[in-house]
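Novice: There's a structure below that I have some questions on.
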Amino acid sequence: MINDCDENDNGEYTITIDNNKSSTAEVIVEPAEEKVRSPSPKLESTKATFSKFLPNQLNVDEDTDFLLECEVNDAKQITDWYLDDDLIEDDNPRFKILNNGSIRQLKGWNFI
């Protein structure tokens, strides 16, 4: 979840499995009343798979929160999150990466 998002949070968020399979969501922050989720993910074929994908696009209102969540087929799969091809490190103060079994989440964390 990204708290109180603004245009700086626009971008392409990607989670990868074993550096060869990915799911991507484009986040577009706009001053609108509705949140829209598009269901078709980007996906490449290998043994590692997603059981639930990130939305292709998520439109969110400025100053609201959002959460990116997907599910992988094996709780032990190693995954990495990216924002516009830059790895989001575990110690990044803007984000919290959660792995709860097979559920993977990217949340906002400690915003000023």
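Novice: What order do you get for 88-98, 14-24 when each peptide is scored by the mean count of other beta carbon atoms within 10 Å, highest first?
Specialist: 14-24, 88-98
Novice: Please list, in chain and number order, the residues 5+ apart from residue 62 or on another chain whose amide H is under 5 Å from its amide H, with Hs placed from the backbone.
Specialist: Result for residue 62 returns 30, 32.
Novice: Residue-wise, which Karplus ³J(HN,Hα) couplings in Hz belong to region 13-28, taking 6.51 cos²θ - 1.76 cosθ + 1.60, θ = phi - 60°, and x for glycine or proline?
Specialist: 9, 10, 10, 10, 10, 6, 6, 9, 9, 9, 10, 10, 10, 8, 9, 10
Novice: Then there's this: Residues with amide H under 5 Å of residue 56's amide H, sequence separation 5 or more or different chain, H placed in the peptide plane at 1.01 Å from N; which?
Specialist: Those lying under 5 Å, H to H, from residue 56 are 38, 40.
Computed from the coordinates by the stated procedures, all read-outs in this text should not be read as laboratory data. Since the structure is predicted, the reported quantities are computational estimates derived from the model, not experimental observations. Virtual Cβ from ideal backbone geometry, glycine too; neighbours counted across all protein chains shown.
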